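Colleague: Before I ask anything, here is the structure I am working with.
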Amino acid sequence: MLCKQIIHLKKTFMKQSLTKALIGLFLPLMLVLLASSCKKSGHGPKSIYQTIAADPNYSYLTAAINKANLQSALSGDGKSQLTLFAPDNNAFISAGFKSPSDLLSIPDSTLTQVLLYHVLGSKVEASQIPQADNTPVATLNTQPVYATRTSGGKVYINGVSVTKADIECTNGVIHDISRVLLPATGTIVQTAIANPNLSYLVAAVLRASQGATNVASVLSGSGPFTVFAPTNQAFMNAGFATTADINNADPNTLTSILTYHVIAGRIFSSDLTDGAMPATVNGETVTISLSGGATVKGKGNSTPSNIIATDIVTTNGVVHVIDQVLLP
């Protein structure tokens, strides 16, 4: 009886040993096959384009990439590493596109330049961005974006928040952003001229330039400058019913008012802090408030002006649109 039990134990042990040996032999092979299967079936990291195309939150961006024929450029072979700042669908909707089909009206060349403005020619993770304000970084568009990383680790591009960082891809990394980035189309003056809602401001700049200071020349210079740009309605509310009224105003008085809207340096919305009182080129200060929405107030204003559009990038600075003329 004892012998039978011993023989049974030996057989059981031999079976267990054989099983372990087989597992040790075939497990590595199974893992290799599984990994290969995952790659073939689409699991694991994908290229930048594949990652965007597979995510319904980027259907607008995918449509834009397809229209501009940039699929191959963003697919890569794993050797060329890129960084994509990816606007989600809400970013495109906020920019005025009701559906992806609206992108079809944009010329391919324009769309290509806008998209390339979202791409860096190397892989840059969030932690690699310098802890500094508005560091210029070259894009594949050739124009720079301005990257900020705060001491708390928040990242902003041209004042736009990175909402999700470091989405790893086989050919680089994606950072999700909450707004479409638009490259500069000219200087501050040229940008204002191109905006029909700022035609009164342009008239004021040209009229002021007939005085002691050539304001147009200053705002066309290298800068950088930050301009709080009043809308046409803001000028009307300030008593300039028509551009003819602006042309009848004293140039030096207009210069004093206009330079009160200009701050030396490139200041994006992400740089504004509640209660800040930055000095203007005029020499006087304005007051920034972020409570209940971003506003800026002049010393001569009874109420603050709402900042209604932010972070319009120019070749020599940045423009924020406001709904009141600031009075020193």
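Colleague: Quick one: is residue 84 modelled with pLDDT of 95 or more and assigned to a loop (DSSP other than H, G, I, E, B)?
Modeller: For residue 84, the condition - modelled with pLDDT of 95 or more and assigned to a loop (DSSP other than H, G, I, E, B) - is not met.
Colleague: List the residue pairs whose Cβ atoms are under 6 Å apart, where the first residue sits in the range 153-171 and is more than 12 Å from residue 124 (Cα to Cα), the second is of a type in the set (Asp, Glu), and the two are 6 or more positions apart or on different chains.
Modeller: Hits for this filter: 158/311; 159/311; 163/176; 164/176.
Colleague: On to the next question. So which of 111, 74, 70, 61 ends up being touching a residue at least 40 places away in the same chain (Cβ under 8 Å), open to solvent by less than 40 Å² (accessible area, probe 1.4 Å) and not in a loop (DSSP other than H, G, I, E, B)?
Modeller: On inspection, the qualifying residue turns out to be 111.
Colleague: Residues that are open to solvent by 30 Å² or more (accessible area, probe 1.4 Å) and in contact (Cβ under 8 Å) with a residue 12 or more places away in the chain, at least 3 per element: which strands (runs of 3 or more DSSP E) completely within the range 229-328 meet that?
Modeller: Qualifying strands (runs of 3 or more DSSP E): 305-314.
Colleague: Right, here's the next one. Can you name the number of the only condition in (1) over 15 Å from residue 176 (Cα atoms); (2) at pLDDT 95 or above that residue 62 fails?
Modeller: Unmet condition: (1).
Colleague: Hey, another quick one. Which one is nearest to residue 81 (Cα to Cα), of the residues in the range 123-141 that are in a loop (DSSP other than H, G, I, E, B), modelled with pLDDT of 95 or more and over 13 Å from the mean Cα position of the chain (by Cα)?
Modeller: 123
Matching residues to (1) polar (S, T, N, Q); (2) more than 22 Å from the chain's Cα centre (by Cα); (3) modelled with pLDDT of 95 or more:
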site: 285; (1), (2), (3): yes, yes, yes
site: 290; (1), (2), (3): no, no, yes
site: 295; (1), (2), (3): yes, no, yes
site: 305; (1), (2), (3): yes, yes, yes
site: 308; (1), (2), (3): no, no, yes
site: 311; (1), (2), (3): no, no, yes
site: 315; (1), (2), (3): yes, no, yes
site: 318; (1), (2), (3): no, no, yes
site: 325; (1), (2), (3): no, yes, yes
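Colleague: Moving on to the next point. From the list 92, 85, which residue is open to solvent by less than 30 Å² (accessible area, probe 1.4 Å) and touching a His at 6+ places or on another chain (Cβ under 6 Å)?
Modeller: Matching residue, one of 92, 85: 85.
The values are calculated or read from the model by the stated rules, or taken from the named source; none is laboratory data. Values in this document were obtained by computation on a predicted structure and should not be read as measured data. Note that we place each Cβ from the backbone using ideal geometry, even for glycine, and neighbour counts take in every protein chain shown. The area values use the complete protein model at the heavy-atom level, side chains included, leaving out ligands, DNA and RNA. Shrake-Rupley method; radii C 1.70, N 1.55, O 1.52, S 1.80 Å.
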